[in-house]
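Contents: one structure, followed by commentary.
The values are calculated or read from the model by the stated rules, or taken from the named source; none is laboratory data. Quick caveat, the model's predicted, so the values are computed rather than measured. In this analysis, Cβ positions are derived from the backbone assuming ideal geometry, glycine residues included, and neighbour counts consider all displayed protein chains. Ligands, DNA and RNA are excluded from the accessible area calculation, which covers all protein heavy atoms including side chains. Shrake-Rupley method; radii C 1.70, N 1.55, O 1.52, S 1.80 Å.
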Amino acid sequence: MKEAVHARHADLVIETALREWNPAAALIQESARATAVVLGSRGLGGFTGMLVGSTAVALAHHGHCPIVVARDRRPDGAAPQPGPVVVGTDGSPVSEAALGFAFDEARLWNAHLTVVRTWSELVDHGAIRPHFLAVDPAEIEAADRKSTEEQVAPWREKYPDVPVEIVVRKGRPVRALLEIGTGARLLVVGSRGRGGFEGMLLGSTSQALIAHAECPVAVIRGDHFDAER
């Protein structure tokens, strides 16, 4: 493994470590001094089923840095194609962290950035709308688009060379992100949020993204953003 990496990145400094602990404990400890923890979408031995079991949940709860789930090929066997960075946001502080990470990745890759927000006629920020039968869908979408534009504005100023597209869509976030993320080079989400993205990392949405996204998935913690500020 080390030799293979050096063959492609000769100037990269590589350290290896062997731990007798379980994978979750070892990776959580290493995450305290890491820029990111990168996991394969499947593994052998102690890492079998990592991304759908207790190790992923443990890292989500206790990891100290962004977590990236890597895939080498799409389900149809084709190699991944360079595409945009896609990030999900709901206006929460954790989605702010996800935005910062996504903008930085888009700059590094010289890629477009697609910012996705979903809305529902029934739910607003995780709570049932009191008068959902009387809501105007056009007003909801316009308000969410305005809110997203305001959230993205400071990041546009910080990263003026990153082309940005904002997509506001009715529906479930997992479906929107899977569809829009098709062909993306990276899909970025916060570890938790409010509204449609609440419980992203610990519930069915995160499981679906990890299991079915055709591209790498990055999960960002809110305290990562706090540290960067």
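Some observations on this one:
- Members of the stretch 81-97 found to be at pLDDT below 90 and either over 18 Å from residue 147 (Cα atoms) or in a helix (DSSP H, G or I) (or both), listed by number: 81, 82, 93, 94, 95
- Single residue of the stretch 175-229 satisfying the filter (at pLDDT below 85, closer than 30 Å to residue 138 by Cβ and outside any loop (DSSP other than H, G, I, E, B)) that is most open to solvent (accessible area, probe 1.4 Å): 204
- Looking across the stretch 156-174 at every residue that is on the phi < 0 side of the Ramachandran plot, part of a loop (DSSP other than H, G, I, E, B) and out of contact with any helix residue (DSSP H, G or I) (no Cβ under 6 Å at 6 or more places or on another chain), the one that is least open to solvent (accessible area, probe 1.4 Å) is identified as 163.
- Inter-residue pairs, beta-carbon under 8 Å, first over 13 Å from residue 175 (Cα atoms) and among the basic types (Lys, Arg) and in the stretch 205-226, second open to solvent by less than 20 Å² (accessible area, probe 1.4 Å) and at pLDDT 85 or above, 6+ apart: 221/65; 221/66; 221/97
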